[in-house]
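Throughout, read-outs are computed from the coordinates displayed, never taken from laboratory work. Note that the structure is a prediction, hence the values are computed from the model and not measured. Heads up, the Cβs are rebuilt from the backbone with ideal geometry, glycines too, and the neighbour counts pull from every protein chain shown.
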Amino acid sequence: MLATIRYHVWRRLRAAYYAFALARLPFGGPLGRAISDWECAQGFGDSPKAKSTWDAEYGGGRWAYMGRQPELARYWTLIGFMDTFGRGGEYLDVGCGDGVLFERFKRLGYQRYVGIDISDVAIEKLRLYNDNRTAFFQADGDVHEPTGHFDVIVFNESLYYLRDPVRSLERYAESLKPGGFIIVSTYTESRRSLAVLREAKRAFEVFEEAQTTQGPMSWLCTVLKKAESTSLAR
Ligand SMILES: C[S@@+](CC[C@H](N)C(=O)[O-])C[C@H]1O[C@@H](n2cnc3c(N)ncnc32)[C@H](O)[C@@H]1O
């Protein structure tokens, strides 16, 4: 009974937090962090999860739908932007999963493609692509330090799974070549992901954005550029 009441209080608090943008979103300050911790503890689908959970989900086929037709339009929007803004150069794919994006993108050509994911299970089948231009390996995007510099760094439905997404984005931006871009795909039904995107837009210049709707689902594909000053005063 007490647990149910507590759950509903937290739910309302969370709704208010997202609705009224209390403090700097996302998750700055003690309230933001408490809400983020609560979301993680509840296992919400758009919150950070342990590596073991991701491994189990990929092992059980939970994410197989990403490669199916209902997600097709957003992938091609993303790939169009990657090709246009990366010009076949060097790409970093953070949270690359089991490679749905790469499998479709690779035919367009690239000089270097690096994909990292927290899940060994997800990345396993991609290891066969590893060669002198291509590298897939397990790494935690929250702390990973990329090697070299990239024309495009892409977060395809992965940014909001990081624990401090916008700070991480700023860190990854240090690994962009001059004039490079960050591309973020955001599922619009997730409050957390929209809050993360909103804050990312405060820290970076929005260069281009497209909304893709397929059936009942909709995604934003946002191309970000380093602003003059990317530091967030929190
Ligand atoms: C919704 S899936 C998207 C996968 C892939 N980008 C795609 O669209 O097919 C989110 C991905 O982010 C990865 N991920 C979650 N937290 C991560 C972290 N801290 N570091 C790296 N990858 C992470 C998950 O393992 C998963 O592959």
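Based on the Kirkwood radius over alpha-carbon pairs, what value in µm²/s does the Stokes-Einstein equation return for the translational diffusion coefficient of the range 26-128 at 20 °C and 1.002 mPa s?
Details: Rh = 15.5 Å.
The Stokes-Einstein estimate is 138 µm²/s.
I'd like the orientation of helix 191-203 relative to the chain: the angle between its Cα long axis and the longest Cα principal axis, in ° from 0 to 90, rounded to 10.
Orientation of helix 191-203: about 60 degrees from the principal axis.
Taking springs between alpha-carbon atoms closer than 10 angstrom, which of G109, G88, G141 fluctuates most in the Gaussian network model of the chain?
G109
Beyond a 28 Å Cα-Cα separation, which of these cross-linked pairs lie in this structure: K125/K226; K51/K177; K49/K201? Mind showing how you got there, number by number?
Details: K125/K226 33 Å; K51/K177 30 Å; K49/K201 24 Å.
Going by Cα-Cα distance, K125/K226; K51/K177 fall outside the 28 Å limit.
Which residue, G89, S158, V100, has the largest displacement toward the positive end of the dipole of the chain when charges sit on each Cβ (Lys, Arg +1; Asp, Glu -1)?
Highest projection toward the positive end goes to S158.
Starting from the Cα gyration tensor of the range 85-150, take the square roots of the eigenvalues, sort them a ≥ b ≥ c, and report rounded, prolate or oblate (rounded when a/c is under 1.5, otherwise prolate if a/b is larger than b/c, else oblate).
Numbers: a/c = 1.76, a/b = 1.24, b/c = 1.42.
Oblate is the answer for the range 85-150, as a/c is 1.5 or above yet b/c matches or exceeds a/b.
If you place +1 on the Cβ of every Lys and Arg, -1 on the Cβ of every Asp and Glu, and leave all else neutral, what size is the dipole of the chain about its Cα centre, to the nearest 20 Debye? Working shown, then result.
Working: 31 positive and 29 negative charges, 126 e Å.
It works out to roughly 600 debye.
Roughly how compact is the range 65-226, stated as its Cα Rg over 2.2 N^0.38 Å to two decimals? Show your work: numbers first, answer last.
Values: Rg = 14.3 Å, N = 162, 2.2 N^0.38 = 15.2 Å.
Computed over Cα atoms of the range 65-226, the ratio equals 0.94.
Would you mind classifying the range 155-213 by shape? Square roots of the alpha carbon gyration tensor eigenvalues, ordered a ≥ b ≥ c; an a/c under 1.5 is rounded, otherwise it is prolate if a/b is larger than b/c and oblate if not. Before the final figure, lay out each step's value.
Values: a/c = 1.89, a/b = 1.31, b/c = 1.45.
Note, shape of the range 155-213 comes out oblate.
For every helix of n ≥ 4 consecutive DSSP H residues, a contribution of -39,500 (n - 2.57) applies; sum these over the chain, divide by its total residues, and give [θ] at 222 nm rounded to the nearest 500 deg cm²/dmol. Don't skip to the end; give the middle numbers.
Details: 8 runs with 90 residues, N = 234.
-11500 deg cm²/dmol, from helical runs alone.
Among F207, S185, G29, which residue has its Cα furthest toward the positive end of the charge dipole of the chain, with +1 on Lys/Arg Cβ and -1 on Asp/Glu Cβ?
Sorting the options by dipole projection puts first G29.
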